[in-house]
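The values are calculated or read from the model by the stated rules, or taken from the named source; none is laboratory data. These numbers come from a predicted model, not from an experiment. Every residue, glycine among them, receives a Cβ derived from its backbone with ideal geometry; neighbour counts consider all protein chains shown. To get the accessible areas, we keep the full protein, side chains included, count just its heavy atoms, and leave off ligands, DNA and RNA. Shrake-Rupley method; radii C 1.70, N 1.55, O 1.52, S 1.80 Å.
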Amino acid sequence: MTLFNSFSYLLPFLGSLIGMVIAFYVRPKTPTSLKLILAFSGAFLLGITLFHLMPEVFNHPERPVGRWIGVGLSLQILLEYLSQGAEHGHSHLKSDQKFPLFLFLSLCIHAFVEGLPLSQQPELVWGIFIHKIPIGMVLFFIIWNSRSSTINKLFYFFLFALMSPIGGFVFLNFKTLINWQLPITSIVIGMLLHISTTILFESNQGHTFNFTKFITILTALGISYIL
């Protein structure tokens, strides 16, 4: 296994854990800090998609790339219906409610699919790492407040953190998936486009200009461009 492949597994895992640790120890008192983190991750994902992933897949005009991007958009809409928008910062679960199984499964499917092309896309590794931090925070708040034992909660946290690395591992070790690399990457592009644009639109609710958020978004786009 190359050094990059090791990092492609490690970074998404660490991103999830970092988000959960931040949520446990810091627990932001206002939504402002989380919204800035979400805005940065959304802009970073959008930049990775626009500057790196899309030029690569559209370099194959003979393949129906747009069709697969549409599949990714549709898949993400379905997953967000099940997850109630947890991918972009929504958390509707109140304290002491049952464990949100469908929400958790939706986030795991999302993480698994976006992890499939990790070993082939170095820029995507960093995008998912950044993206996993706010998702890890939101997931922590949702699961930690659910009616479940601490051992089960820790198991679910660990399982979610593993899903993107598992996706990358499956892609590398099932050789038939290599023939599907372009469609898979295109599906992930569709998913990321939906998530990133939704995050950015929702972070600007009220249509008021926020200079801090604007600089955050520009910084994220700039970093994603130079990767």
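Does residue 121 qualify as being of a type in the set (S, T, N, Q) and either surrounded by fewer than 21 Cβ atoms within 10 Å (Cβ to Cβ) or under 18 Å from residue 70 (Cα atoms) (or both)? Spell out how you get there, then give the answer.
Values: of a type in the set (S, T, N, Q): yes; either surrounded by fewer than 21 Cβ atoms within 10 Å (Cβ to Cβ) or under 18 Å from residue 70 (Cα atoms) (or both): no.
When the stated conditions are applied, residue 121 does not pass them.
Just one of (1) over 17 Å from residue 185 (Cα atoms); (2) at pLDDT 85 or above fails for residue 1. It is (2). Each residue in segment 158-188 was checked for being open to solvent by less than 10 Å² (accessible area, probe 1.4 Å) and either within 14 Å of residue 107 (Cβ to Cβ) or without any contact (Cβ under 8 Å) to a residue 24 or more places away in the chain (or both), and 4 pass. Here residue 140 fits the description: among the hydrophobic types (A, V, I, L, M, F, W, C) and surrounded by 16 or more Cβ atoms within 10 Å (Cβ to Cβ).
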